[in-house]
Amino acid sequence: MGNPICLPARKESTTMARIAISNMNCGGCAKGVTSTVKEADPSAQIEVDLDRKQIAVTGISSDSSSLIAALQAAGWKAEIVAA
């Protein structure tokens, strides 16, 4: 028997986007935004900051422009926040 094959650990995506959503005003809005992001990218994790009208999205599998497009198509006024 030879040596066992060791595969490198799979890296999780650490891509993050901070998105401002100017028409996110309440908990219901936050739920709708979260649902839209999850439909666009099921692997995304979302943190909502309702006071700042922003979301932080981590673990996205594509670039943030596809999330912006999905949010805007759903009627949200979304734009990337500069880092």
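The values are calculated or read from the model by the stated rules, or taken from the named source; none is laboratory data. Only a predicted model underlies this, so the values are computations on that prediction, with no experimental measurement involved. No Cβ is skipped: glycine too gets one built from the backbone with ideal geometry, and neighbour counts run over all protein chains shown.
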- Note on the structure: For strands (runs of 3 or more DSSP E) lying entirely in the chain, having 2 or more residues that are at pLDDT 90 or above and at positive phi picks out none
- Task: Find the residue count for the stretch 43-59, including only residues that are basic (K, R) and more than 10 Å from A30 (Cβ to Cβ).
- Result: 1
- Query: Cβ-Cβ below 6 Å, separation at least six or inter-chain, first residue in the stretch 66-82 and within 10 Å of A40 (Cβ to Cβ), second of a type outside the set (D, E) and in a strand (DSSP E or B): which pairs?
  - Reply: I68/A78; L71/A78
